[in-house]
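This report refers to the structure that appears directly beneath it.
The numbers here are math on the coordinates, done by the rules we state, and not lab data. Predicted model, so just to flag it, every value in this text is computed and none were measured. All Cβ positions, even for glycine, are placed from backbone atoms using ideal geometry, and neighbour counts span all protein chains on display.
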Amino acid sequence: AQSVTQLDSQVPVFEEAPVELRCNYSSSVSVYLFWYVQYPNQGLQLLLKYLSGSTLVKGINGFEAEFNKSQTSFHLRKPSVHISDTAEYFCAVFGNEKLTFGTGTRLTIIP
Amino acid sequence: SAVISQKPSRDICQRGTSLTIQCQVDSQVTMMFWYRQQPGQSLTLIATANQGSEATYESGFVIDKFPISRPNLTFSTLTVSNMSPEDSSIYLCSSRLGNTIYFGEGSWLTVV
């Protein structure tokens, strides 16, 4: 079985400040890791993914994430957020032919 | 990447009726998945639909309530049967292309 824990349900951040959204996972098999973003009233869009190799992966819209195998974490970061980053962010793990989602983190940008 | 189209994008349904959601992928894919996202919640996997075999349902979901078809490598349907207000959700189709899972825009169903 596999599971994903997103520690923060809501994260308010001032515009142009940095942000980190935390994600921890557990799995008995090797997995792929993903971050998806869901803007208000829209579907899911892939932000970035970790398959193998370099532990720092870069995605769209200036986001990046770092895979830490020893801590089973895959935290998402952005050095300077914008109002348009207001959205729900989901961490997900793919293993055993299934994609399992965390509960999501609502990122709110404060002007 | 894969482009996934879903129809309908939104619908308001009467209690007790059934609705079929269609999912079209612009590439041939072996694995397709159906998810439900209840209001304010995360995504929950309903079933995995592989072409040429019966869909595999997750715990808490049954074929009588959510029958799925997968007639070819680019198309799938999900039917939500005998709907109740508790079925009001976003239903999302997804597919695996290589090592990435892509999603459609979702079908937003409201049951009244």
Checklist line | Percentage relative contact order, region B:15-104, counting C-alpha pairs under 8 Å, at least six apart | finding: 38 percent
Item checked: Reachable aspartates and glutamates, given that their alpha-carbon falls under 15 Å from the alpha-carbon of B:LYS7 and they are not under 8 places away in the same chain -> B:ASP26, B:GLU105
Notebook entry, point to check: Using Cα pairs under 8 angstrom and six or more residues apart, how large is the relative contact order of region B:1-60, in percent?
Noted result: 24 percent
Check: In percent, how large is the relative contact order of chain A, given Cα pairs closer than 8 Å and 6 or more residues apart?
Finding: 38 percent
Margin query: Ignoring solvent entirely, what values of log10 I(q)/I(0) come out of the Debye formula for the protein assembly as shown at 0.18 Å⁻¹ when each Cα is a single scatterer?
Written below: -1.33
Checklist line | Projected area averaged over orientations for region A:1-54, convex hull of C-alpha atoms, nm² | finding: 5.5 nm²
Next item on the list: Spit out the partnerless Cys residues in chain B, using Cβ distances under 4.7 Å as the pairing rule.
Entry: B:CYS13
Check: Roughly how compact is chain A, stated as its Cα Rg over 2.2 N^0.38 Å to two decimals?
Finding: 1.01
Margin query: Would chain B count as rounded, prolate or oblate if I go by the C-alpha gyration tensor, calling it rounded below 1.5 in a/c and otherwise prolate when a/b exceeds b/c, oblate otherwise?
Written below: prolate
Check: How are the C-alpha pair distances of region B:1-49 spread across 5 Å bins, as whole percents from the shortest bin up?
Finding: 5, 14, 20, 28, 21, 8, 4, 1
Next item on the list: Go through region A:9-17 residue by residue and turn each phi into a ³J(HN,Hα) via Karplus (6.51, -1.76, 1.60, θ = phi - 60°); whole Hz please, and just put x for glycine and proline.
Entry: 7, 9, 9, x, 9, 6, 4, 6, 8
